[in-house]
Amino acid sequence: MAYGSTEPDREAELPLRLALDAAAVGVWEYDVQARKMTWDHRVREGAEVDADFEPSWEAGFLAILHPDDRPAVIEAFRSLVAAGVGGSLAIECRLVGRQTGRVMWTALAARGVAASDGGLRVVGSARNITAQRLATDELRRVNERLEERVAEVVAERQVFADMFESSDDQVAAVDGELRFIAMNAAYAKAFRRLFGAPPRVGDKLADALAHMPAARDAAVSVWTRAVNGEVVDVPRSGEADPNGAWYDIKFRPLRDRKGRLVGAFQYSRDVTQRVRASQRMREAQEAIQRAQKMEALGQLTGGVAHDFNNLLQVIGGNLQLLKRETAGDERAERRIDYALAAVTRGAKLASQLLAFGRRQPLEPRVVNLGRFLHGMDDMLRRALGAEIELETVVSGGLWNTLVDPGQIENAILNLAINGRDAMEGRGLLTLEAGNGVLDEGYARQHAEVTPGQYVMVAVTDTGSGMTPEVMARAFDPFFSTKPEGKGTGLGLSMVYGLVKQSGGHVKIYSEVGQGTTVKLYLPRVLQNEEELPDASGAPVAGGAETILVVEDDLEVRETAVALLADLGYRVLKAHDAAAGLAVIESGATVDLLFTDVVMPGAMRSADLARKAQELIPGLPVLFTSGYTENAIVHGGRLDAGVELLAKPYTREALARKIRQLLPTRRQDSPSAPQDR
């Protein structure tokens, strides 16, 4: 757990903190290069230091280690550091309180992880096992006495039973004929839970398990090995336990005082908490690594998308202008259409990268996904083809959810097309929408999930299915099982990023030859469904108002100016926010501010918009960008009241967006351009 981390890091680490607090496990961290150590409150309590104490390797950690345990711990730590990232240690040692000198047995576990500066961090846990250690030592002493007094074990078993009967560890002994001669209550209880009937002293093992031949044969085999003098360990055995418990099981031969074999005993310790804590630690570390990977990818895709979308805007905008100038020249128009199609594909690629990196600016609306799916029916049938049967199943009383309609439409379309390809153009595709609850148990198994109520959308195909190896990589960017040139490998990545950015969860179910189901879980909201505007069919109309274009990229600025002028608008332009404000302050008539989001200079575009609206109350502001960073987007969503036209935009999209923002402003010229 990285102290002083960023907010996204802390959010990603929250499940780990909750799990560790619930398990009463302390957390410590050591930066190997900086030689800086951090303890949480549980470690400080064990070391008997206050919150102001600044631990270090020598004066802190080594100082509280018991002298007899110090060499082993140092050697284990050196091995971890030598192994680097992925190295681990697990050791039991004694810590000595600085104030009272109290000795506390502690289970230390740690793993090496990569630091942000490329160095090595050691992230570890500390759990107080004093009570368990004392009980184990006592039980071990009992077992040693049991071995030394084999000849007297039957007569004295009550004495020994009094000593270990209250132990949670399971102990049983058999004679040479595999007949039970002793067992404690914990063993009898576990035996009954696993096999349905409690054993009794005097029963033969084979008779006690006669109703379960497979379990009987396995038990007889391992007990026989111990009776014949073999030491048998079964670490972390838990597959057969219906309660999901895990045990370390040891079988040891019993000898009398003369060393003769007279039977065997079994000692089982419940290590469920230790195993689950280790699993939670591993899952949390994997979640942290995924979050770090996502953050790095997001930063990369943001920078690439900004420049890439600016280039596409220049290319696409000028191609659209050129197409209008070459109207009637079919050969030229065809070539321009090919180029514009390539611009569209490039824009989709950049959008998918941003979606996976969770950098896509979302405009969420309260949506009923049942009606939404029915509204997609015609589009999906055209995309799937005549040989794919489409079935849509919507549960009654479906809840509403908050999601970006355009993005969820793209996500469902991507999943449908993936299903079509998996079915090789023939089969059944089922869309399902229903209510669902992801409970605490599910959330414990999936660290990134918040328990609660969700709206579930499932897309199921009857195609070829996926292997476990393919499922494990299905959401990785650029991973695809399609032939080269048939896919970008970003479709599922976009779906994953959108759902995660919307606070949801994605789950894939698939078997080879049995098809695939992808389930999207989006959080339930209680608000009423919003009416979704549809401006796609509106005519492309220009106007005669004056628009101020603020854009730092010369080519993008000139392209935007040309598109607006072609639509009939009067256009003013500025190369940055400060220059744009100067135009406003000059008293020039401005009916709409059209500004890029990410620009160099001391003044941000958001500040320009605020000051411009102070000078011209009610001034409409339209932002544009290929990547918004955090200027007008927070929590992955556009700020309230913000209007954004993402680059690269078309002449038609620009025209409709501006008329949407200027619906009541009277156009000065009756001859403003209008396309039908």
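The values are calculated or read from the model by the stated rules, or taken from the named source; none is laboratory data. Worth saying up front: this structure is predicted, and the values here are computed from it rather than measured. Methodologically, a virtual Cβ is constructed for each residue, glycine included, from the backbone with ideal geometry; neighbour enumeration extends over all protein chains shown. Heads up: the accessible areas ignore ligands, DNA and RNA and are worked out on the full protein's heavy atoms, side chains in. Shrake-Rupley method; radii C 1.70, N 1.55, O 1.52, S 1.80 Å.
Here the strands (runs of 3 or more DSSP E) wholly within the range 501-588 that include at least 2 residues being farther than 30 Å from ASN400 by Cα and open to solvent by 20 Å² or more (accessible area, probe 1.4 Å) are 570-574. So, PHE191, is that one open to solvent by less than 30 Å² (accessible area, probe 1.4 Å) and in contact with an Asp or Glu (Cβ under 6 Å, 6 or more places away or on another chain) or not? In short, no.
Mind checking whether some residue in the range 112-134 is exposed (fewer than 15 other Cβ atoms within 10 Å of the Cβ), more than 30 Å from GLU29 (Cα to Cα) and modelled with pLDDT of 85 or more? For the range 112-134, residues exposed (fewer than 15 other Cβ atoms within 10 Å of the Cβ), more than 30 Å from GLU29 (Cα to Cα) and modelled with pLDDT of 85 or more: absent. Scanning the range 51-95 for residues that are β-branched (Val, Ile, Thr) and either buried (at least 18 other Cβ atoms within 10 Å of the Cβ) or in contact with a Ser or Thr (Cβ under 6 Å, 6 or more places away or on another chain) (or both) yields ILE64, VAL73. Of the residues screened, LEU615 is not one that is in contact with a Lys or Arg (Cβ under 7 Å, 6 or more places away or on another chain), open to solvent by 30 Å² or more (accessible area, probe 1.4 Å) and either at pLDDT 90 or above or hydrophobic (A, V, I, L, M, F, W, C) (or both). Of the residues screened, GLY196 is one that is on the phi > 0 side of the Ramachandran plot and open to solvent by 50 Å² or more (accessible area, probe 1.4 Å). Condition test on LEU353, is it hydrophobic (A, V, I, L, M, F, W, C), surrounded by 12 or more Cβ atoms within 10 Å (Cβ to Cβ), at pLDDT below 80 and out of contact with any helix residue (DSSP H, G or I) (no Cβ under 8 Å at 6 or more places or on another chain)? Judged against the criteria, LEU353 is not a match. Number of residues in the range 383-425 that are open to solvent by 20 Å² or more (accessible area, probe 1.4 Å), part of a strand (DSSP E or B) and over 18 Å from GLY497 (Cα atoms) equals 6. Restricting the range 326-344 to residues that are closer than 20 Å to VAL556 by Cβ and open to solvent by 40 Å² or more (accessible area, probe 1.4 Å) leaves a set whose member that is modelled with the highest pLDDT is ALA342. Once the range 219-241 is narrowed to residues that are touching a Leu at 6+ places or on another chain (Cβ under 9 Å) and more than 19 Å from GLN279 (Cβ to Cβ), the residue that is modelled with the lowest pLDDT is ALA219.
Looking across ALA411, ALA433, ALA443, ALA422, one residue alone is modelled with pLDDT under 90, touching a helix residue (DSSP H, G or I) at 6+ places or on another chain (Cβ under 6 Å) and not polar (S, T, N, Q). It is ALA411. Taken over the range 366-382, residues that are within 15 Å of ASN435 (Cα to Cα) and either among the hydroxyl-bearing types (Ser, Thr, Tyr) or not in a helix (DSSP H, G or I) (or both) amount to 2.
So ASN309 passes all but one of these: (1) crowded, with 17+ Cβ neighbours inside 10 Å; (2) modelled with pLDDT of 85 or more; (3) in contact with a Gly (Cβ under 7 Å, 6 or more places away or on another chain). Which condition number does it fail? Failing condition for ASN309: (2).
Every condition in (1) at pLDDT 80 or above; (2) closer than 22 Å to PRO198 by Cβ; (3) in contact with a helix residue (DSSP H, G or I) (Cβ under 7 Å, 6 or more places away or on another chain); (4) surrounded by fewer than 17 Cβ atoms within 10 Å (Cβ to Cβ) is met by ASP256 except one, and the failing one is (2). How about the range 94-108: which of its residues are closer than 18 Å to PRO55 by Cβ and within 32 Å of the chain's Cα centre (by Cα)? Result: THR106, LEU108. Scanning the range 589-603 for residues that are modelled with pLDDT of 90 or more and open to solvent by 40 Å² or more (accessible area, probe 1.4 Å) yields a single hit, THR589.
Put simply, of GLY316, GLY302 the only residue that is at pLDDT 80 or above, buried (at least 16 other Cβ atoms within 10 Å of the Cβ) and assigned to a helix (DSSP H, G or I) is GLY316.
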